[in-house]
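Participant: Before anything else, here's the structure in question.
The values are calculated or read from the model by the stated rules, or taken from the named source; none is laboratory data. In this text the structure is predicted, and so the values were computed from the model without any measurement. Cβ coordinates were reconstructed from backbone atoms using ideal geometry, including for glycine residues, and neighbour counts include every protein chain displayed. When the accessible area is computed, the model is the full protein with side chains, heavy atoms only, and any ligands, DNA or RNA have been set aside. Shrake-Rupley method; radii C 1.70, N 1.55, O 1.52, S 1.80 Å.
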There are 2 protein chains.
Amino acid sequence: MKKVKQIQNSARTSVDAMLAGYYFQNSKRISYDPTHKLIYRPSTSNVALISGGGSGHEPADFGYVGSNLLTASVNGDFFSPPKPGAIIEAIKKTDNGKGVLLIVKNFPSDMESFTKAKFIAEKAGHKIEIVCVSDDHSVENSSTYSKRHRGVAGTVLIHKILGALAEKGMSLSDLKKAGEQLNANLFTLGVALEGAVLPETQRPMFELDHDEVYFGVGIHGEDGYRKVPYHSSEQLAIELFNKMKHLTDWNSTETYAVLVNGLGSTTLMEQYIFTHDLSRLFKIENVNAAFVKVGSYLTSYNMHGISLTLLRLPDPSWLKALEEETDASHW
Amino acid sequence: MKKVKQIQNSARTSVDAMLAGYYFQNSKRISYDPTHKLIYRPSTSNVALISGGGSGHEPADFGYVGSNLLTASVNGDFFSPPKPGAIIEAIKKTDNGKGVLLIVKNFPSDMESFTKAKFIAEKAGHKIEIVCVSDDHSVENSSTYSKRHRGVAGTVLIHKILGALAEKGMSLSDLKKAGEQLNANLFTLGVALEGAVLPETQRPMFELDHDEVYFGVGIHGEDGYRKVPYHSSEQLAIELFNKMKHLTDWNSTETYAVLVNGLGSTTLMEQYIFTHDLSRLFKIENVNAAFVKVGSYLTSYNMHGISLTLLRLPDPSWLKALEEETDASHW
C-alpha cells in the first residue's frame, strides 16, 4: 500500500495544532483551554451543553460551539474519547448553576469517560444529565453489534435542537427528556467508497476493491453490514432510502429533517448528486422533508463516503430550533 | 493507474443533478433555471452581482448566492466556462435597472464568454461592467504564463465585499472601481499534494511522487512553479508565507484578511494545522490578520492541497463588508 501524504508536522501534535489554528480564527468569539483541549463559550446564562469525543470527525464538535448550539466541546485525541478530567474541567468552566447536559455519541469508551466525569462532577455539586446519541441503525441485525447503535452524524441535529431549546431557557431535566425523544426519532445509515487514511499510519483503515462499496461502516472504520459492487449514486440512494423506510415506518402525514453528510473527502458535487437522487425518491414516496442540510458535518477524517440521516419531527418546536440562527463556525 | 470511484450516475449529467440537488435544499431562498444552469435571487433592489465559471469548484459559485453576496451564479460544465447565452439570461433575470457587475476569474475562455455576453447585453440596453479577478501570483516568473494571473480562491473574498457594498446601495461604476482596487490588493498561492480525479476520466489530472508536493498549481490542474520533496505542514506554510511576503511587501501598519482554502479533499484537521503554522509566522513578522477564514471555499474538485490568500485592507469598509451577515449557504 502506498503511503498517503497528510498536511501535518507530527501525528502526536496534530490535535493540539488543529485546535490552536481554530482558536486563531475564532478568538474573538470563543475561548480555548489548550491543557484540556476545550473550545468553549466563556459566559452563557442557560443550561450548558457540552459535547465531545475523539478528534478526526471535524468539524464535529468544536465547529458547533456558538449561539443556539453548544456551550463547549471537549476534544479527545485522534479517534479516542476525552479523559474524564477534561470533561470535568469543561463542566467547571460552563456551569452557571443551571446544570450541564452532556451529549455523548454511543461508543462504550466515550460513554465510560463521560459517565465517570458525571459521577465526579455531581459529587462536587454540579447537576449533570447525559443524552446518549445512538442514531446509527446500520448494524441492526449484525451478530457482532446486535444491540449497539453507534452515535454518528445525526448528533449534529441534536446539538442544534437542544442548543436552541437551552437558549430559550429550557430546564436541564426537560432538555434530557427532549434529547431522548430526539434520539428515538433519529436514524442514520452510511456507505463508504474508500476507507479513511489516518495521520498516524498514513495508510487506509480498510481497503475495498476498485468497484466495491461498503454499507453501514462506522465513523472509525468499524465493520459495516454489506459489501457490494458499486454502480451509481442512484444505487446508493435507493439502498439507504429503502432501509430507512423500513426503519422509520414513515407515513405521509409526518415531516422530517434530512441530513446528507459527506464523510470526509466526498466532494460537494457528489453530495448534491446523491441529494438529487434522494429527492426523487422522496417525491415518489411522499416524504415531507421540511428541513434539508447537505455538507461534511461529522466526518470519519478523510473517508470517501456519505451518510443519510432522517429525523422525524413530531414536535414543531424542533423544526423551529433547527432554523434558528447561530454564530457557530460550521453549522 | 487505479480508477477512483465517484458518487455520480454519469459524468454527462453530473452538473445538472448537482444543481437540482442544491435547489432541493435551498428552494425556499433561491431560484433555479435548469435550462441555463442558473442559481439566483429572484428580486433584489441594488446593482446585481453575477459570478460564474466552470463547475468542479464547489461551493463556488452557487454557494455564494445570498444576502450581502451574489445575486446569481452561472454554472458551466465541468471545468468549462458558461456559454454567453446563459450569462445573458442571468443578466435579464437580475437587472432591475441599476446595472449588473460580472465577476470573472481570469482565464481566457471565461473572459471570452463573459465579454461576449456583456457586448450583447449592452446592445439590449443593460448597463454592464466586468471585474476580472487575477489573484493567483504563483506563475509570476514562469515562461509559459509570464503575464497571466489566474483567478482563484481570493475571488470568494471579492464576492463578499462587493456583495455587501452593493447591498448598501453602491453604484455600478463605484463597484467596478472597488473591484479593481480589491484585485490589486489580493494575492493567492497554492500547493498540491495530489492531483484532482475528474468524474469523466476517474483518473488523476497529474501524478506526484509519494513524497512530492507541487507549488503553484492552478485550479484545473495547470502547471505550478516547483515540485519539491514534502516534509511537513510547516514547510508548506513557510514557502507560501515567504513568497507572499515578497509579493505584498507588507509592513506592520497594514491589516490583512486571510483565507486558508482547502482545494478539495483536504481535511479540516489539515487546514487548521496549516493555519496554526501560519499564525506563528504572522506573529514573528507582526502581520495583523484582522479577518481569518478557513475552509474549502473554492476547490479544484477533489484535489488534495491548500491555498493561502492575503487581501490587504487599506479601506475599513472592506473589513466591515467581510463581517456582514449573509444567508448564503457556504460563506
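Participant: Take the residues of the stretch A:203-244 that are in a loop (DSSP other than H, G, I, E, B) and aromatic (Phe, Trp, Tyr): which is surrounded by the most Cβ atoms within 10 Å (Cβ to Cβ)?
Facilitator: A:230
Participant: Something else about it: Could you give me the residue pairs with C-beta distances under 7 Å whose first residue belongs to the stretch B:239-268 and is more than 30 Å from residue A:267 (Cα to Cα), whose second residue is at pLDDT below 95 and part of a loop (DSSP other than H, G, I, E, B) wherever it lies, and which are 6+ apart or on separate chains?
Facilitator: As it stands, the answer is B:247/B:137; B:250/B:287; B:252/B:286, since those pairs meet every condition given.
Participant: Which residue is nearest to residue B:19 (Cα to Cα), if the candidates are limited to the stretch B:49-69 and must be assigned to a strand (DSSP E or B) and among the hydrophobic types (A, V, I, L, M, F, W, C)?
Facilitator: B:65
Participant: When you look at residue B:311, is it away from chain A (no Cβ under 13 Å), touching a Phe, Trp or Tyr at 6+ places or on another chain (Cβ under 7 Å) and open to solvent by less than 30 Å² (accessible area, probe 1.4 Å), yes or no?
Facilitator: The answer is yes for residue B:311.
Participant: Sticking with this one: Just to be sure, is residue A:74 in the same structural domain as residue A:132 (by TED's automatic domain parsing), of a type in the set (Val, Ile, Thr), touching a His at 6+ places or on another chain (Cβ under 8 Å) and in contact (Cβ under 8 Å) with a residue 12 or more places away in the chain?
Facilitator: The answer is yes for residue A:74.
Participant: Among what's in the stretch A:1-21 and is in contact (Cβ under 8 Å) with a residue 40 or more places away in the chain and not in a loop (DSSP other than H, G, I, E, B), pick the residue that is most open to solvent (accessible area, probe 1.4 Å). Reasoning before the result, please.
Facilitator: Residues of the stretch A:1-21 that are in contact (Cβ under 8 Å) with a residue 40 or more places away in the chain, as a first pass: A:1, A:3-6, A:8, A:11, A:14-15, A:18-19.
From what's left, not in a loop (DSSP other than H, G, I, E, B): A:11, A:14-15, A:18-19.
On the way: A:11: 33, A:14: 5, A:15: 10, A:18: 0, A:19: 0 Å².
In this case the residue turns out to be A:11.
Participant: Could you grab me the full set of residues in the stretch A:157-196 that are part of a helix (DSSP H, G or I), open to solvent by less than 40 Å² (accessible area, probe 1.4 Å) and closer than 24 Å to residue A:249 by Cβ?
Facilitator: Result: A:157, A:158, A:161, A:178, A:179, A:182, A:183.
Participant: Can I ask one more? Looking at the stretch B:22-69, which of its residues are closer than 16 Å to residue B:103 by Cα, open to solvent by less than 10 Å² (accessible area, probe 1.4 Å) and among the aromatic types (Phe, Trp, Tyr)?
Facilitator: B:62, B:64
Participant: Is there a residue in the stretch A:33-48 that is on the phi < 0 side of the Ramachandran plot, assigned to a loop (DSSP other than H, G, I, E, B) and facing another protein chain (nearest Cβ under 9 Å)? It would help to see each step written out before you state the result.
Facilitator: At the first step, the residues of the stretch A:33-48 found to be on the phi < 0 side of the Ramachandran plot are A:33-36, A:38-48.
Those left that are additionally assigned to a loop (DSSP other than H, G, I, E, B): A:34-36, A:41-47.
Cutting the leftovers down to facing another protein chain (nearest Cβ under 9 Å) gives us none.
Checked against the condition, which is being on the phi < 0 side of the Ramachandran plot, assigned to a loop (DSSP other than H, G, I, E, B) and facing another protein chain (nearest Cβ under 9 Å), the stretch A:33-48 yields no hits at all.
Participant: Any residue that is part of a helix (DSSP H, G or I) and crowded, with 24+ Cβ neighbours inside 10 Å - is there at least one of those in the stretch A:70-86?
Facilitator: There is no residue in the stretch A:70-86 that is part of a helix (DSSP H, G or I) and crowded, with 24+ Cβ neighbours inside 10 Å.
Participant: Continuing with this model, one more query. Residue check: is residue A:278 closer than 20 Å to residue A:190 by Cβ and modelled with pLDDT of 95 or more?
Facilitator: yes
Participant: Looking only at the stretch A:281-331, count every residue that is in a strand (DSSP E or B) and either over 18 Å from residue A:133 (Cα atoms) or at pLDDT below 95 (or both) and tell me the total.
Facilitator: Number satisfying all stated conditions: 12.
Participant: Kindly indicate which of B:323, B:270 is within 14 Å of chain A (Cβ to nearest Cβ), acidic (Asp, Glu) and buried (at least 22 other Cβ atoms within 10 Å of the Cβ).
Facilitator: Of the residues listed, the single one that is within 14 Å of chain A (Cβ to nearest Cβ), acidic (Asp, Glu) and buried (at least 22 other Cβ atoms within 10 Å of the Cβ) is B:270.
Participant: Give B:26, B:9 a once-over and let me know the one that is at pLDDT 95 or above and more than 23 Å from the chain's Cα centre (by Cα).
Facilitator: B:9
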